[in-house]
Amino acid sequence: MPRLALFRLPAKLGRRLRRRRMATLSLATTLLLLTLLLPPLACWTIYSPPHALISLLRTHYPDVLFELPAISPRKLIALSLDDAPSAHTPSIMAALHASNAKATFFVIGAQAPSRFDTLRSLVRAGHELANHAMHDEASRALPDALLAQQLADVADVIAAVYRAEKRVLPNNYFRPGSGFFSQRMRALVGKLGFRIVLGSVYPHDAQIPFPALNARHILAKVRPGAIVICHDRRDWTAPMLRILLPELRRRGYEIVTITDLVRAAEPMPGSS
């Protein structure tokens with residue numbers, strides 16, 4: 001005698017519940033994967049941003065300098081060093097000299113008075129100075145009046161260096177402390193006649209004290225027109241440059257100041 005399926009669900013309802021369970025399981029799996037993968041992906045994007053992101057930033061913030069177009073057939077890149085001057089600046093200069101490289105040094109005003117002669121040596125050697133505000137702090141957090149005063153004070157120091165060397169100040173660049181800016185800052189800095197300069201290649205060498213790793217990061221990301229951000233005031237910067245610069249030279253790159261890169265990519269009207 002056949003048994004009655006008193007507690008068996010109708011076939012259509014059973015299939016519907018199975019599909020719902022599968023959808024719920026699929027959603028849970030997706031959320032779990034996102035939870036596991038998103039933080040590492042976010043960290044990697046910060047450490048090694050894709051060039052498409054740099055291009056998007058250039059388009060969205062045309063007044064901020066991230067990189068320049070490639071200037072064929074020359075392979076030009078600009079090297080910049082934040083947090084100058086320091087006790088390590090002479091060894092950095094020696095590494096640059098050994099590879100016939102030039103750089104832009106972003107000056108922290110509070111560090112300048114005791115190392116004025118070091119700044120003069122940089123200018124004398126063909127490097128250039130630019131403004132990194134007065135202290136090693138997040139410029140974005142400063143009130144307008146204080147930021148404007150810091151920019152003016154550091155600009156006075158830099159101008160004094162160039163006067164002492166009987167040279168013409170070639171730029172009015174400003175790199176904000178911590179590398180972040182706001183719409184308010186952009187408006188203020190532009191009104192004061194400065195140009196915000198960030199970059200397109202950054203090995204996070206301010207925090208990562210491994211010269212070979214930082215050099216490999218730059219070599220993996222660099223391309224013609226790039227602006228490379230490195231840091232003075234670290235004892236691992238000169239060793240990193242001694243690895244990096246000869247290899248860049250071997251690959252055919254010219255390492256120049258930001259001003260020289262800008263002049264090559266954005267020639268003034270009437271220039272040849």
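Readers should treat all values here as calculations from the given coordinates under stated rules, not as data from a laboratory. Only a predicted model underlies this, so the values are computations on that prediction, with no experimental measurement involved. All Cβ positions, even for glycine, are placed from backbone atoms using ideal geometry, and neighbour counts span all protein chains on display.
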Whose amide H sits under 5 Å from the amide H of V197, counting only residues 5 or more places off or on another chain, with H placed in the peptide plane?
-> L65, F174, R175
How far apart, in nm, are two points set 7 Å out from the Cα along the Cα-to-Cβ line at S182 and at A52?
-> 3.1 nm
What number comes out for the charge environment of D63, summing +1 per Lys or Arg and -1 per Asp or Glu over other residues with Cβ under 15 Å away?
-> +4
Determine the sum of side-chain charges near P224: Lys and Arg each +1, Asp and Glu each -1, restricted to other residues whose C-beta is under 9 angstrom from that of P224.
-> +3
Gained length - Q149 relative to R249, 0.36 nm times residue gap less alpha-carbon distance = 32.0 nm
The stretch 51-265: Cα Rg divided by the 2.2 N^0.38 Å rule of thumb | 0.95
